[in-house]
Amino acid sequence: MKTVWIVNHYATDPQETASGSRHFSLARGLVQRGWTVVLLAASTEHPSGRRRAGLPDARVSDRIRDGVRFRFLRTPQYDGGLGRLRNMAAFTVALLRRSNVADLPRPDAVIGSTVHPLAAWSASVLARRAGVPFVFEIRDLWPQTLIDMGKLSPRSPLSWMLRRLERVLCDRSAAVITLLPFASEYLVAQGVPEEKVVWISNGTDADDFDGVPPTGGDDFVFMYLGSVGRANGLGAIVEGFLSAAATDPRLRLDIVGTGAELPAIRQRAAESAQGGRITFEPPVPKDRVPALVGRADAMVINILDLDVYRFGVSMNKIFDYAAAARPILVASSARNNVVAEADAGIVVRADDAEALGAAMIRMASPDAAGHRARWAANARAHVIANYDYRALAEQLDGLLERCVARNGDEQR
């Protein structure tokens, strides 16, 4: 039986939260294919910075879920940017401390995943120590995403350092996994061999959703489920909804999640005569998502118009929306669009509140009932065929087997 270590600072147990469960879902699929999987993560959760519920204040803590072994390494709690940076440094140090991993089964491969590249760099060191292949997974293009969001100058020393570290990790890796369908163009331009790059999208566990379409009621409920940060574009969704709700009194908007922009969103709702039709709920564990989404008539998402999205987008929430057999309203100008691919709803321009409002009225119209049924069926069929984590885990299994076999040939 082969063993793989997956390093993701922010990996989550699905019973903690609905976000960040990509690696658990992939790991569960690998376990079903005969792998032993260890997920290495920090004892603090993100974005709250608090210690994970139920974890002792111990140097290392283990938890087994569906055959997947979580190894949580103790890191300091934090509140704010500097605290988060200290947390990143602490996780890096903890990961490199040999005693923190000495009792784990020896890996045959190590996957190092961003967001922050220090975690992936640490994974590459672990792979070198064990003499096994390192697989670099890029979930966000650092520093390109920060540059395109206006948070970092392309000529700053930090940009240079991040770019250099990204290239070092690509050079060290046996393969580079990207979640974005066109990121190979970016990586090849940085000098990475095209044959080294493999696209393994985000996805969903389709069997967790019953796929029963909405039955309808007196109100028509749009739902947003996910983080409420600047990058999530909730402002345009709320503005569009407030405009639409003034025209159609049946409309409701449920926002489920938390983040830095939540206070401003709540304030905007409180200032509007239509704000009472918006409800706010805290994040829920992954296993509660299907029941929660089942209350909605349609799902809504706004993907900001950023240059980096020329390489595509891959958001877990949109696959969950589709697996639940819900029509989807998406505002996006990204190069790829699952809703358009599947004919699963309405697509409007990114960050366009007016277009979102008009589309909400159109989607909720009684005359659109037939369209909604078709969109819902198309959404679920498309995600099962292309983005179910069982199929994605099969892709990862094949990639790891090739990397391990190639490493064995090189050592003989």
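Any read-out appearing in this document is the output of simple, stated calculations on the displayed coordinates, not a laboratory observation. Predicted model, so just to flag it, every value in this text is computed and none were measured. Because the Cβ atoms are built from the backbone with ideal geometry, glycine has one as well, and the counts that use them run over all protein chains shown.
Tabulate in residue order the Karplus-calculated ³J(HN,Hα) for segment 33-49, using 6.51 cos²θ - 1.76 cosθ + 1.60 with θ = phi - 60°, rounded to whole Hz; enter x for Gly and Pro.
Using θ = phi - 60°, the values come out as 9, x, 7, 8, 10, 10, 9, 9, 9, 7, 6, 9, 8, 10, x, 5, x Hz.
In degrees from 0 to 90, rounded to the nearest 10, what is the angle of the helix 22-32 Cα long axis to the longest principal axis of the chain?
60
In segment 231-331, how does Rg compare with the Kirkwood Rh, expressed as the Rg/Rh ratio over alpha carbon atoms?
Checking Rg against Rh, the ratio lands at 0.95.
When only alpha-carbon atoms count, how far does segment 64-108 stretch along each of its three principal axes, as whole angstroms with the largest first?
Computed over segment 64-108, the largest-to-smallest principal extents equal 35, 25, 16 Å.
Check which residues have an amide H placed less than 5 Å from VAL348's amide H, if you skip close sequence neighbours.
VAL330, ALA331, SER332
For segment 337-350, what does the Karplus curve 6.51 cos²θ - 1.76 cosθ + 1.60, with θ = phi - 60°, yield as ³J(HN,Hα) per residue in whole Hz, taken in order and with x for Gly and Pro?
8, 4, 5, 5, 4, 8, 6, 10, x, 10, 10, 10, 5, 4
Just the Cα atoms of segment 206-386, one point each, no solvent: what log10 I(q)/I(0) does Debye give at q = 0.08, 0.13, 0.14, 0.20 Å⁻¹?
Log10 of I(q)/I(0), two decimals: -0.21, -0.59, -0.69, -1.53.
Hey, any idea what Rg/Rh is for segment 77-149, computing Rh the Kirkwood way over Cα pairs?
1.03
Express in nm, to one decimal, how much length is gained between ARG155 and ARG288 on full extension, taking 0.36 nm for each residue of separation and deducting their alpha carbon distance.
43.4 nm
Run the numbers for ALA405 and LEU96: contour at 0.36 nm per residue of separation, minus the present Cα-Cα distance, in nm.
108.6 nm
Given contacts defined as C-alpha pairs under 8 Å and at least six residues apart, what's the relative contact order of the chain, whole-number percent?
16
Given springs between every Cα pair under 10 Å in a Gaussian network model of the chain, which of PHE319, PHE136, PHE182 has the largest fluctuation?
Top of the fluctuation ranking is PHE182.
Between helix 81-96 and the chain, what is the angle of the helix's C-alpha long axis to the longest principal axis, kept within 0 to 90° and rounded to the nearest 10?
The helix 81-96 is inclined about 40 degrees to the chain.
Can you figure out the FRET efficiency of ARG128 with ASP305, using R₀ = 45 Å and their beta-carbon distance, to the nearest 0.05?
After rounding, the FRET efficiency stands at 0.65.
Given just the C-alpha atoms of segment 1-150, how large is their convex hull per residue in cubic angstrom?
Given the Cα convex hull of segment 1-150, per-residue volume reads 109 Å³.
Which translational diffusion coefficient, to the nearest whole µm²/s, is obtained for segment 172-214 from the Stokes-Einstein equation, given a Kirkwood hydrodynamic radius over C-alpha pairs, 20 °C and 1.002 mPa s?
172
For the chain, modelled as a GNM with alpha-carbon contacts under 10 angstrom, which of VAL135, VAL284, VAL110 fluctuates the most?
VAL284
Relative contact order for segment 206-386: what is it in percent, counting Cα pairs under 8 Å that are at least 6 residues apart?
Relative contact order of segment 206-386: 28 percent.
Rounded to the nearest 10 degrees, what's the angle between the helix 353-364 long axis and the longest principal axis of the chain, both from Cα atoms, 0 to 90?
Orientation of helix 353-364: about 70 degrees from the principal axis.
Please report, in debye to the nearest 20, how large the charge dipole of the chain is about its Cα centre when each Lys and Arg carries +1 at its beta carbon and each Asp and Glu carries -1 there.
The calculation lands at about 1540 debye.
When the chain is fully extended, how far beyond the present Cα-Cα distance does ARG374 get from ARG106, taking 0.36 nm per residue of separation?
This chain segment gains 91.6 nm when fully extended.
When the convex hull of the C-alpha atoms of segment 162-270 is computed, what volume per residue in Å³ does it have?
Hull volume over Cα atoms, normalised by residue count, gives 173 Å³.
Less than 22 Å apart at the alpha-carbon level, and either on another chain or at least 8 residues along: which lysines does that give for LYS286?
List returned: LYS317.
Please arrange ILE237, ILE384 by how many other C-beta atoms lie within 10 Å of their C-beta, fewest to most.
So the ranking, lowest neighbour count to highest, is ILE384, ILE237.
From the Cα trace of segment 1-71, what convex hull volume per residue do you get, rounded to a whole Å³?
In segment 1-71, the Cα convex hull volume per residue is 80 Å³.
Test of understanding: in a Gaussian network model of the chain with alpha carbons linked when under 10 Å, which of TYR309, TYR389, TYR321 would top the mean-square fluctuation ranking?
Greatest mean-square fluctuation among the candidates belongs to TYR309.
Do the sum for the chain: with -39,500 (n - 2.57) for every DSSP H run of n ≥ 4, divided by all residues, what is the mean residue ellipticity at 222 nm, to the nearest 500 deg cm²/dmol?
My calculation for the chain gives -12500 deg cm²/dmol from helical runs alone.
List GLU401, GLU166, GLU195 from most exposed to least, where exposure is judged by having the fewest other Cβ atoms within 10 Å.
Exposure proxy ranking, most exposed first: GLU195, GLU401, GLU166.
Post the alpha-carbon centroid distance, segment 283-314 to segment 1-52, in whole angstrom.
If you average the Cα positions of each part, the centres end up 20 Å apart.
How long are the three semi-axes of the equivalent ellipsoid of the chain, in whole Å, if each is the root of 5 times an eigenvalue of the C-alpha gyration tensor, listed from largest down?
37, 22, 21
Assuming a ≥ b ≥ c are the square roots of the Cα gyration tensor eigenvalues, decide whether segment 281-412 counts as rounded (a/c under 1.5), prolate (otherwise, with a/b larger than b/c) or oblate.
prolate
Give me, ordered by chain and number, the residues 5 or more places off LEU251 or on other chains with an amide H under 5 Å from its own placed amide H.
Here PHE220 satisfy the definition.
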